[in-house]
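The next block holds one structure in the form of structure tokens; read it before the comments.
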Amino acid sequence: MREAFLERMAGFGERTALWVDGVPHSYAALLDRIGEIRRLLAEAGARAHDAVVLEGDFSPNAVAALFALYLDRNTVVPMVGSTPVTADTVRETCAPRFTLRTADAVEVVPMSAAGAPSPAFNELAGRGAAGLVLLSSGSTGTPKAILHDLDALVEQKLAKRPRGSVSLNILMVLMFDHIGGINSLLSTMLVGGAAVLPAKRTPDEICGLIEQHRIRVLPASPTFLNLIMVGGHLERHDVSSLRLITYGTEPMSAELLARVGAAFPGVRLVQTFGTSETGIAATTSESSSSTYFKIADDSTRYRVVDGELQLKSSTQFLGYLNHPADAVTEDGWFRTGDLVEENGDGYLRVKGRATEVINVGGEKLLPLELESVLLTSPLVEDCVVYGRPNAITGQAVCVDVKPVGSLTRAEARAHVREFLTGRVEPFKIPSKVTVIDDIGMSDRLKKVRLRPHSDQD
């Protein structure tokens, strides 16, 4: 398969592989850079199946380093940013021998071992395959270290036919150490497309790149799309080249989808779905105005058990390196934690995460349900609903609201409660309404539902 990979890349020759700050980098130049990094690794003493930390976000060096490590059958641990917790997790689970720094010049830095690597690495060695370790967001504690067979991910993309002589520019919006970012890169590069690498992932930067490179496909999250719309970026940039917006990483409300459809007339809207554990599945939406979608992928099967979506895929992870395998059923299905409903035509709609259910004295609410109602108010620009502990009811419903215009805090709070009265059941009306300037967004482009609040709000 590595021969097929090299032949595919070499066949694209002088075609543009990467755009960085408006400068094109060809596939031929990328292959040369891959060869240079492989020589650096060999000189440093790296061996097949060694774990190597790959530091850096999308860049020519980082992309070349990823492919060099794949070709040398290493286990890649991409890290865009590091905290003491994530660094300790990697050392303890992967025992990496080297760090590849790619911010400026490529540097191979030896690491002192913190112990033996997980026995799960033996399966990769037995297959003669390269590995990929992704870290979960770790929003509730130590991140999970998720082990993948990188050969399986590459093989899936190599099975697709390369594009013709005209390459398609694709924006790398999702992070380099996220399954969505890796999927976007492999999907683009292995068919001869051109990956446009942003310097920063702000709505203004992304819209500017859409205009500059006449981008036709934009992968984004609902939260990011809303930031583009409410920030006035569509008025400052020409995004008329867009033909398709794919959205995922978090549930999309029907009201927000309607806003997106109105803001991007003529653009097809398709919901994507995937997990860090099973990879990204091909999907089709019921329509651009519907939040229902089908998993239309021969390599991915699904079932719904007690309202929870379960998946089994050809790119499924080999296991967690630091966490029990309780998310995998005895018959090998991955429990996603996503609560869905299925209509009569086999389309699915994500209602929210099982971990986000708010239980108020036995009555249950998913945040997306209440957010969808609030977004129909002309005075609510955006909002985020979450639960907080309550001594009497177990949990209380809380909401952060970014109002439209110059409402005072008191006016906004009064409006939220008045607007919801009669539209939702009484237990769903928030006991606490906090007016904020901006909705928090994680580096994975999701709404931040757990954030500190002042008692003065």
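The values are calculated or read from the model by the stated rules, or taken from the named source; none is laboratory data. Since this is a predicted model, take the numbers as computed values, not measurements. All Cβ positions, even for glycine, are placed from backbone atoms using ideal geometry, and neighbour counts span all protein chains on display. Keep in mind that these areas ignore ligands, DNA and RNA; they rest on the heavy atoms of the full protein, side chains included. Shrake-Rupley method; radii C 1.70, N 1.55, O 1.52, S 1.80 Å.
Details
- Within region 1-23, the set of residues being part of a helix (DSSP H, G or I) and open to solvent by 40 Å² or more (accessible area, probe 1.4 Å) comprises GLU3, ALA4, LEU6, GLU7, ARG8, ALA10, GLY11.
- Test set (1) without any contact (Cβ under 8 Å) to a residue 40 or more places away in the chain; (2) in a strand (DSSP E or B); (3) farther than 19 Å from ALA354 by Cβ; (4) open to solvent by 20 Å² or more (accessible area, probe 1.4 Å) - LYS294 fails condition number: (1)
- Subset of region 355-385 [under 16 Å from PHE427 (Cβ atoms), crowded, with 21+ Cβ neighbours inside 10 Å and without any contact (Cβ under 8 Å) to a residue 40 or more places away in the chain]: ILE358
- None of SER431, SER406 is at pLDDT below 90, open to solvent by 10 Å² or more (accessible area, probe 1.4 Å), over 30 Å from the mean Cα position of the chain (by Cα) and over 21 Å from ALA220 (Cα atoms) except SER406.
- Residue within region 210-219 that is in contact with a strand residue (DSSP E or B) (Cβ under 6 Å, 6 or more places away or on another chain), closer than 26 Å to LYS402 by Cβ and surrounded by 23 or more Cβ atoms within 10 Å (Cβ to Cβ) present: yes
One line per residue, one yes/no per condition, for (1) in a loop (DSSP other than H, G, I, E, B); (2) without any contact (Cβ under 8 Å) to a residue 24 or more places away in the chain; (3) under 30 Å from GLY81 (Cα atoms):
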{"site": "VAL340", "(1), (2), (3)": "no, no, no"}
{"site": "GLY352", "(1), (2), (3)": "no, no, yes"}
{"site": "GLY387", "(1), (2), (3)": "no, no, yes"}
{"site": "LEU407", "(1), (2), (3)": "yes, no, no"}
{"site": "PHE427", "(1), (2), (3)": "no, no, no"}
{"site": "LEU445", "(1), (2), (3)": "yes, no, yes"}
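- For region 69-89, a residue qualifies if it is within 24 Å of GLU43 (Cα to Cα) and assigned to a helix (DSSP H, G or I), and the qualifying residues are LEU69, TYR70, LEU71.
- Residue ID - farthest from GLY128 (Cα to Cα), chosen from residues in region 29-48 that are open to solvent by less than 60 Å² (accessible area, probe 1.4 Å) and not in a helix (DSSP H, G or I): GLY45
- Only a single criterion out of (1) in a helix (DSSP H, G or I); (2) surrounded by fewer than 20 Cβ atoms within 10 Å (Cβ to Cβ); (3) not polar (S, T, N, Q) is not satisfied by LEU66, namely (2).
- Scanning region 160-196 for residues that are open to solvent by less than 10 Å² (accessible area, probe 1.4 Å) and either without any contact (Cβ under 8 Å) to a residue 12 or more places away in the chain or not in a helix (DSSP H, G or I) (or both) turns up LEU171, MET172, VAL173, PHE176, LEU190, GLY192, GLY193, ALA194, ALA195, VAL196.
- Taking region 254-290 as the range and being assigned to a loop (DSSP other than H, G, I, E, B), within 18 Å of the chain's Cα centre (by Cα) and closer than 20 Å to LEU375 by Cβ as the test, no residue passes.
- Looking only at residues of region 38-59 that are in contact (Cβ under 8 Å) with a residue 60 or more places away in the chain and under 27 Å from the mean Cα position of the chain (by Cα), we find that the one that is farthest from THR83 (Cα to Cα) is HIS49.
- Taking the numbered list (1) part of a helix (DSSP H, G or I); (2) under 20 Å from the mean Cα position of the chain (by Cα) in turn, GLU250 passes all entries but (1).
- Residue satisfying condition, being assigned to a strand (DSSP E or B) and either open to solvent by 60 Å² or more (accessible area, probe 1.4 Å) or closer than 30 Å to GLY193 by Cα (or both), within set LEU124, LEU134, LEU153: LEU134
- From the list ALA4, ALA28, ALA65, the lone residue that is without any contact (Cβ under 8 Å) to a residue 24 or more places away in the chain and under 18 Å from LEU185 (Cα atoms) is ALA28.
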